[in-house]
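This report concerns only the one structure given below.
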Amino acid sequence: MQPDDIAAIFDQQAAGYDRQAQRREPIENALRFLLEAVFAGLPSNAHVLCVGSGTGSEAIALAQRFPHWRFTLVEPSAGMVEVCRQKLIDAGLVERCHVQLGYLESLSPAQQFDGATCFLVSQFITDRLARQKFFRQIAQRLKPSGILASSDLVFDTGALGYDASLALWHRITTQTEPTPEHLDRLKKTYATDVAVMSMVELAQIVQAGGFDEPLPFFQAGLVQAWCATKAR
Ligand SMILES: C[S@@+](CC[C@H](N)C(=O)[O-])C[C@H]1O[C@@H](n2cnc3c(N)ncnc32)[C@H](O)[C@@H]1O
């Protein structure tokens, strides 16, 4: 899928995205709890880049926790941006958050950030070189020793446990028992439209994109979160 096709899918999902994501809220909460420790070394006036910021949930959680931080959110789906802007207004956070409609290219590399988040985004870039370039674009916008915290659907799809993990993931995300057809469809989607791969493979892409070896800090179902420091 081309990047604009992905943005168009999220345009359609924007209005109902947060309602749907409610099922994953315990996972997101745990991830955000750990994220505080990952970002503990950032300065008290940090400027954080949120890539694929969606409806703004991670930026809002961080902005509420760290009242002196500023945020730049970059998101290619106009529908997601619209929902995000309204949430930032409702939460009284507009002053500290700049929302940019577009891709990373639309942000000058001259603008340098202390840290970046990229939750459930890079998995949609199915071409390995394009995914590597995506991480490089993030690295280029980080200060020396800047930290990226990211999450993706991660699993070794060749491993024996993949089918059982898919079934578990289906139960977690839908609260229903998967049929063999459900699992077949999920497997096909994760093989074509979502680049599910092992952490070992993903780490190679991240490192080739300009980061030190990523450190996994959270796993729940198929969601794996990891952090990485910009390579010297
Ligand atoms: C699954 S949502 C995650 C949103 C948010 N980070 C969260 O965790 O709730 C993925 C988001 O990434 C955006 N996206 C997809 N491809 C992107 C790209 N190449 N660069 C930046 N954002 C992208 C989508 O438009 C969508 O809003």
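Every read-out reported here was derived from the displayed coordinates using simple, explicitly stated rules and does not represent laboratory data. Just so you know, these numbers come straight off a predicted model, no measurement behind them. Because the Cβ atoms are built from the backbone with ideal geometry, glycine has one as well, and the counts that use them run over all protein chains shown.
For 108, 165, the sequence from fewest to most other C-beta atoms within 10 Å is 108, 165. Each stretch of four or more DSSP H residues adds -39500 (n - 2.57); spread over every residue of the chain, this sum gives -14000 deg cm²/dmol at 222 nm.
Helix 128-140 and the longest principal axis of the C-alpha atoms of the chain enclose an angle of approximately 20°. The alpha-carbon atoms of the chain define a convex hull whose volume equals 116 cubic angstrom per residue.
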